[in-house]
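Right, one structure below, let's go through it.
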2 protein chains.
Amino acid sequence: MSQNRSRVSIQVTILGANSALPFHGRFPSAQVLRSGNFKCLIDCGEGTQLRLSQENIKRNKIQVVFISHLHGDHVYGLPGLLTSYNHFERREPILIVGPKGVRDMITQIFELSRVHLNYELSFREISKGEAIPTVFSDGQLSVRAFPLIHRLPTWGYRFDHNPALYNVRPESIEQYNLTIEEIVRVKNGQPVERSGSTVPHDHLAFPLPPSLSYAYCSDTIYTESILPYIKGVDLLYHEATYQEALVEKAHETKHATAMEAARMAKLADVKRLLLGHFSSRYKTLQGHLDEARPIFPETYIAEEGTTWEIG
Amino acid sequence: MSQNRSRVSIQVTILGANSALPFHGRFPSAQVLRSGNFKCLIDCGEGTQLRLSQENIKRNKIQVVFISHLHGDHVYGLPGLLTSYNHFERREPILIVGPKGVRDMITQIFELSRVHLNYELSFREISKGEAIPTVFSDGQLSVRAFPLIHRLPTWGYRFDHNPALYNVRPESIEQYNLTIEEIVRVKNGQPVERSGSTVPHDHLAFPLPPSLSYAYCSDTIYTESILPYIKGVDLLYHEATYQEALVEKAHETKHATAMEAARMAKLADVKRLLLGHFSSRYKTLQGHLDEARPIFPETYIAEEGTTWEIG
């Protein structure tokens, strides 16, 4: 039988993974996540529109921006990005998902700047009491928000790609002389009959590709309360603002260390761990890896410009 | 007689002179002006703090930020810059001068981001009716705001360096056996007597250095109403968003062309003209120079990273 031709993946490109300031060639938090035709931003620190240009990523196809919290290094690039779309003649709507307050921030700024957008801007604000809401879904990709613990309301996001439709084996169409209606049935996992009996579904279609998952956790203190939401993901981005020598400062400012991120990855049984949100005091990040890898070997640095593929 | 040793100048460094978007290696509007110990920012587009780092300009000594208007490409870098000062342990106060609304913009953002500054932040908002206010003065440098004509309230700024104190000729101290009190009198331009008659002041002190002046006009339609405020300045920065082929678009969006900026420089009898605020449609800016120089030969491009010295 031929190989499953459908190639599904999630790609995450790091635009910025520094905390607070642009420094050492690093930038405030922002990532682009792509899966099939879906493209979104995760956080949007100051300079994100510049980083998109530098990485040659077309900005007009971005459909959603997920904001973790309202600290400047995660959101101060949003007003500029949204205003720029006017110059790019954007017409497609855009959705902003984020904590309560993100709508006020943008609308108050735009009122003072007298910005009138060419396109539809909508908001999905997450309130503190909400029980793990699904904040986005397009049938294949779904995104859930879960609470992190930081100095102000902060949300992590889990992206799950669950392929809904089977891919029909091309040779089976001829072999079983499938009609258009039957092909649709096969795609949906429904039975097809020949000579009074059901044709085994795996003769007609490839197995569903595995589901793919990514979780984004920035900023947060180390907290096992997030374990249920990040359990078993293919890739976990967890903040690691500090190295272990500054664990007290981490706790005080509600941030995490590289070792804590590694412990979280191990407990959650994830496949790979990406460290990010680095304090500008660290000129290089080898120290973070040296501390994390003995606990969780599959640890990597979310370096600006790198793309991480899942699937 | 020895040369006047006191060297006074105004230096203007261009951090960004593009309109709207970062493009072609150009950045949104921001400039650093320095004169003696005084250092300020003029406009603060998104990414200004990054541009300061790239140009190796120490940010902590900036005392004032002058904002022309509340369009994003002139102000969206301000929240990030002010927040960053917390990380730089700033303790010195900072003054924001700008149109009415700039205080609301910053305080509303900081409320939502829960920013608590380590230092004193004050605002001098300029209201529409005010008659050419002096918005800053430290005795030697004074800054006046004057109205430009754009799509929302917009202010130009004129910087005048008027040296207040004479420099005493060192040889005269011995020759006339000047007391400390007399030296102070000479510095202040007051008479000193010897043998019953006044010593000519120019025997005791160098002539006052000439006054120096810089005017910043962005964004504005071509308007001769600004002539009284920019008359005779040593350096005029005037926006030139478009070339002449798009003069109608310029008028429609309340911007100016390179030829219009040159005409303004000629009418105002300034020494040099700096063009800026370029539309991203122009990949290179030679066309701007080609149009402006036949009208005003001393025209230059406000290229990112260049420093313009007056005095």
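The values are calculated or read from the model by the stated rules, or taken from the named source; none is laboratory data. Keep in mind it's a predicted model, so treat the numbers as computed, not measured. FYI the Cβ positions are ideal-geometry reconstructions off the backbone, even for glycines, and counts take in every protein chain you see. These area figures cover heavy atoms from the full protein model, side chains too; ligands, DNA and RNA do not enter into them. Shrake-Rupley method; radii C 1.70, N 1.55, O 1.52, S 1.80 Å.
Interface size, chains A and B: roughly 2700 Å² of accessible area buried, both sides included, 1.4 Å probe, rounded to the nearest 100.
Reducing the range A:8-32 and the range B:204-271 to their Cα centroids gives an inter-centroid distance of 40 Å. Which parts of the range A:64-83, residue by residue, lose 10 Å² or more of accessible area when the rest of the protein chains are there, as against the chain isolated (1.4 Å probe)? The answer is A:L70, A:H71, A:Y76, A:P79, A:G80, A:T83 - residues whose exposure falls by at least 10 Å² when every protein chain is included.
Within the range B:227-311, all pairs of alpha-carbon atoms sorted by distance into 10 Å bins from zero give the percentages 20, 52, 26, 2. Among beta bridges from DSSP that stay inside the range A:1-143, the antiparallel ones total about 50%. Please report the antiparallel percentage of the DSSP beta bridges confined to the protein assembly as shown, to the nearest 5. Percentage antiparallel, nearest 5: 55. What the phi angles of the range B:179-184 give under the Karplus curve with 6.51, -1.76 and 1.60, with θ = phi - 60°, is a coupling list of 7, 4, 4, 5, 4, 4 Hz, glycine and proline written as x. Taken about its Cα centre, the range B:105-174 carries a charge dipole of about 420 debye when Lys and Arg each add +1 at the Cβ and Asp and Glu each add -1 at the Cβ. Leaving out same-chain residues fewer than 8 places away, which aspartates and glutamates sit with a Cα under 13 Å from that of B:K231? Cross-link targets: B:D160, B:D269. Copy-to-copy label distances for B:S137, where each label lies 7 Å from Cα along Cα-to-Cβ, are 6.7 nm in order of increasing length. Extension gain for A:E89 to A:K61 (0.36 nm times residue separation, less C-alpha to C-alpha distance): 8.9 nm.
Among the chymotrypsin sites (Phe, Trp or Tyr not before Pro) within the range A:102-144, which fall in a DSSP loop and have no more than 15 other Cβ atoms within 10 Å of their own Cβ? Kindly include the intermediate steps, with their values, before the conclusion.
Values: sites: A:F110, A:Y119, A:F123, A:F136; in loops: A:Y119.
Filter output for the range A:102-144: A:Y119.
Here the 3J(HN,Hα) profile of the range B:30-37, calculated from phi with Karplus coefficients 6.51, -1.76 and 1.60 at θ = phi - 60°, is 5, 9, 10, 10, 10, 8, x, 8 Hz, Gly and Pro shown as x. Accessible surface computed residue by residue for the protein assembly as shown, with neighbouring protein chains in place and a 1.4 Å probe, gives 42 Å² per residue.
Most simply put, chain A has about 55% antiparallel DSSP beta bridges, counting only bridges with both residues inside it. Proximity of backbone amide H atoms, modeled 1.01 Å from N, is registered between A:R124 and A:I96, A:V97, A:G98 at under 5 Å, excluding neighbours fewer than 5 places apart on the same chain. Given B:F123, B:V192, B:Y176, which one lies farthest toward the positive end of the charge dipole of the range B:73-222, if we put +1 on the Cβ of every Lys and Arg and -1 on the Cβ of every Asp and Glu? It is B:F123, whose Cα lies furthest towards the positive end. For the range A:173-251, applying the loop criterion from DSSP together with a ceiling of 16 other beta carbons within 10 Å to the trypsin sites (Lys or Arg not before Pro) yields A:K231.
Mean residue ellipticity, 222 nm, helices only, the protein assembly as shown: the sum of -39500 (n - 2.57) across DSSP H runs of n ≥ 4, divided by residue count and rounded to 500, is -6500 deg cm²/dmol.
When chain B is modelled as a GNM with alpha-carbon springs shorter than 10 Å, which of B:P228, B:P147, B:P209 fluctuates the most? Looking only at B:P228, B:P147, B:P209, the biggest GNM fluctuation is shown by B:P228.
Which pairs break 32 Å Cα to Cα here: B:K61/B:K100; A:K249/B:K39; A:K39/B:K249? From B:K61/B:K100; A:K249/B:K39; A:K39/B:K249, over 32 Å: A:K249/B:K39; A:K39/B:K249.
Given just the C-alpha atoms of the range A:155-206, how large is their convex hull per residue in cubic angstrom? Before the final figure, lay out each step's value.
Numbers: hull volume 4.7 nm³, N = 52.
Each residue corresponds to 91 Å³ of Cα convex hull volume.
Here chain A was treated as a single set of alpha-carbon atoms; its pair distances binned every 20 Å from 0 give 31, 50, 18, 1 percent.
In plain terms, the C-alpha convex hull of the protein assembly as shown casts an average shadow of 37.4 nm² when viewed from every direction. Separation of the range A:72-94 from the range A:134-164 is 21 Å, based on Cα centroids. When the Cα positions of B:L236, B:L78, B:V270 are compared along the charge dipole of chain B, B:L78 comes out farthest toward the positive end, with charges on each C-beta of Lys, Arg, Asp and Glu.
Here's how it looks for A:I301: its modeled amide H is under 5 Å from those of A:L275, which are all 5 or more places away or on a different chain.
Might you report the magnitude of the Cβ-based charge dipole of the protein assembly as shown about its Cα centre, with Lys and Arg at +1 and Asp and Glu at -1, to the nearest 20 debye? Each step should come with its number before you reach the end.
Numbers: 66 positive and 68 negative charges, 7 e Å.
Dipole magnitude for the protein assembly as shown comes out near 40 debye.
Mean sequence separation of contacting Cα pairs (under 8 Å, at least six apart), scaled by the length of chain A, corresponds to a relative contact order of 17 percent. Qualifying GluC sites (Glu not before Pro) in the range A:97-154, where qualification requires a DSSP coil assignment and no more than 15 other C-beta atoms within 10 Å, comprise A:E120, A:E130.
Evaluate the charge dipole of chain A about its Cα centre and quote only its size in Debye, nearest 20, assuming +1 on the Cβ of each Lys and Arg and -1 on the Cβ of each Asp and Glu.
On the way: 33 positive and 34 negative charges, 65 e Å.
Charge dipole of chain A: 320 debye, to the nearest 20.
A simple spin-label model places the labels of B:H203 and A:L121 7.1 nm from each other, with each point 7 Å out along Cα-to-Cβ.
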